[in-house]
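Colleague: Handing you this structure, nothing more for now.
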Amino acid sequence: MRWEGGRQSGDIEDRRGLGPVGVGGLGVGGVVLALIGYFVFGISPTTTLNAVNQAGQGAQQQQQDVAQGRVADREGQFVDVISTNVDDVWAPIFRGAGRDYRPPASVVLYSESTGTGCGLGQSAMGPFYCPQDQKVYLDLSFWRELEGRFGATGDAAKAYVIAHEMGHHVQHLLGADQRAQRMGARGAEGGSVRLELQADCYAGVWAAHASQASNGQVSLDPGDIEDGLRAAKAVGDDTLQRQATGRVAPDSFTHGSSAQRMRWFRKGAESGDPSACDTFSTDQL
């Protein structure tokens, strides 16, 4: 995958090495609930954290005051280039539809845990998007997990993850996250699965337009698309549940099976058309 020399927007908050950040009204118990909910029952960590926050004492979150800008290390630069390129892909798509595209407030790099608009973010949850503060959160140790545990190697696998999380931002701008909530959060055909599969498809749309949006500075070849597909396969609900508990419980799916995630990523990459990503109106997930 080609990316070095790509445009950087500098919309990065680098909180790495600053240590855990407490969040009022949440505490360690909320994090434990989130992790148990995901690995045992397949409940989205963000869903659990939101519920804990709403049921908590209503205390103010303790946010870290970190300057937003460019980062010096290679991993941070990669995130900056890819997230900037994702924005550059979606801006003209929105203009073509008569809408304004607003980039995420920032992409936050952190280690261990950090305060978010959705509660306490922790590395064990994996990358996530918080609609409350419109930020993408990445603990880059996930890259090692993706490679070592799941065998999803290559820069394109990492880029797929970033494009997927930023796809959630696109959904937030379009109101798809609210649509998913109205459908119900859990189950193999529930709103959460449809939301996640659409974000996979949107990641494929990014891959289809990455080169054009960057004048070739960011580009993927067919082998890179295969790396992205391997990443999508690695984070399917059935694969994660089988590894965690030895069994698969489709009724508790929140992200979709490995086969579904691969299919929708491929659909976006082959069509390059966001309208092909309407997971909410189809019976064929």
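Colleague: From the list Gly246, Gly256, Gly228, Gly268, pick out the single residue that is more than 25 Å from Phe78 (Cβ to Cβ) and surrounded by 22 or more Cβ atoms within 10 Å (Cβ to Cβ). Spell out how you get there, then give the answer.
Modeller: Working: Gly246 fails: surrounded by 22 or more Cβ atoms within 10 Å (Cβ to Cβ); Gly228 fails: more than 25 Å from Phe78 (Cβ to Cβ); Gly268 fails: more than 25 Å from Phe78 (Cβ to Cβ).
When all the criteria are applied, what remains is Gly256.
Colleague: Select, from His164, His172, the only residue that is part of a helix (DSSP H, G or I), farther than 17 Å from Met1 by Cβ and not hydrophobic (A, V, I, L, M, F, W, C).
Modeller: Values: His164 fails: farther than 17 Å from Met1 by Cβ.
Checking each option against the conditions leaves just His172.
Colleague: Here's another thing I want to ask about it. Please find, among Leu240, Leu285, Leu229, the residue that is modelled with pLDDT under 95 and within 24 Å of Val81 (Cα to Cα). Explain how you work it out, then say what you get.
Modeller: Values: Leu240 fails: within 24 Å of Val81 (Cα to Cα); Leu285 fails: within 24 Å of Val81 (Cα to Cα).
One residue alone meets the criteria, Leu229.
Colleague: May I ask you to list pairs of residues, at least six apart or on different chains, whose Cβ atoms are under 6 Å apart, with the first in the range 67-94 being free of Cβ contacts under 8 Å to residues at least 40 places away in the same chain and the second being among the small types (Gly, Ala, Ser) and assigned to a helix (DSSP H, G or I)?
Modeller: Correct list of pairs: empty, since none qualify.
Colleague: A follow-up question, please. Working only within the range 94-112, note down all residues that are outside any loop (DSSP other than H, G, I, E, B) and either among the basic types (Lys, Arg) or over 17 Å from Ile82 (Cβ atoms) (or both). Don't jump to the end; show me each part of the working.
Modeller: Let us first name the residues in the range 94-112 that are outside any loop (DSSP other than H, G, I, E, B), namely 94-96, 106-109.
Passing the criteria: Phe94, Arg95, Gly96.
Colleague: Could you list all residues from the range 254-284 that are of a type in the set (S, T, N, Q) and outside any helix (DSSP H, G or I)? Don't jump to the end; show me each part of the working.
Modeller: Restricting attention to the range 254-284, the residues satisfying the condition of being of a type in the set (S, T, N, Q) are 254, 257-258, 260, 271, 275, 279, 281-282, 284.
Residues satisfying the conditions are Thr254, Ser257, Thr279, Ser281, Thr282, Gln284.
Colleague: Can you list residue pairs whose Cβ atoms sit under 6 Å apart, with the first residue in the range 2-17 being in contact (Cβ under 8 Å) with a residue 60 or more places away in the chain and the second being assigned to a strand (DSSP E or B) and surrounded by fewer than 19 Cβ atoms within 10 Å (Cβ to Cβ)? Count only pairs 6 or more apart in sequence or on different chains.
Modeller: Arg2/Ser219; Gly10/Gly69; Glu13/Gln68
Colleague: Residue by residue through the range 123-155, note down the ones that are of a type in the set (S, T, N, Q) and under 14 Å from the mean Cα position of the chain (by Cα). Break it down stepwise before answering.
Modeller: The initial filter retains those residues of the range 123-155 that are of a type in the set (S, T, N, Q), namely 123, 132, 134, 141, 153.
Within the range 123-155, Ser123, Gln134 qualify.
Colleague: Can you name every residue in the range 200-253 that is charged (D, E, K, R) and either assigned to a helix (DSSP H, G or I) or touching a residue at least 24 places away in the same chain (Cβ under 8 Å) (or both)?
Modeller: Asp200, Asp221, Asp224, Glu226, Asp227, Arg230, Lys233, Asp237, Asp238, Arg242, Asp251
Colleague: Taking the range 202-237, which residues are within 25 Å of Gln171 (Cα to Cα), among the acidic types (Asp, Glu) and out of contact with any Phe, Trp or Tyr (no Cβ under 8 Å at 6 or more places or on another chain)?
Modeller: We begin by selecting, within the range 202-237, every residue within 25 Å of Gln171 (Cα to Cα); these are 202-214, 218-220, 224-237.
Filter again for among the acidic types (Asp, Glu), leaving 224, 226-227, 237.
Hits for the range 202-237 are Asp224, Glu226.
Colleague: Same structure again: What about Arg179, is it over 25 Å from Ile93 (Cα atoms) and surrounded by fewer than 19 Cβ atoms within 10 Å (Cβ to Cβ)? If you could, list the steps in order and put the result at the bottom.
Modeller: Values: over 25 Å from Ile93 (Cα atoms): no; surrounded by fewer than 19 Cβ atoms within 10 Å (Cβ to Cβ): yes.
Spelling it out, it is not the case that Arg179 is over 25 Å from Ile93 (Cα atoms) and surrounded by fewer than 19 Cβ atoms within 10 Å (Cβ to Cβ).
The values are calculated or read from the model by the stated rules, or taken from the named source; none is laboratory data. Nothing here was measured: the structure is a model prediction, and the numbers come from that model. As a convention, Cβ positions derive from the backbone with ideal geometry for all residues, glycine included, and neighbour counts pool all protein chains shown.
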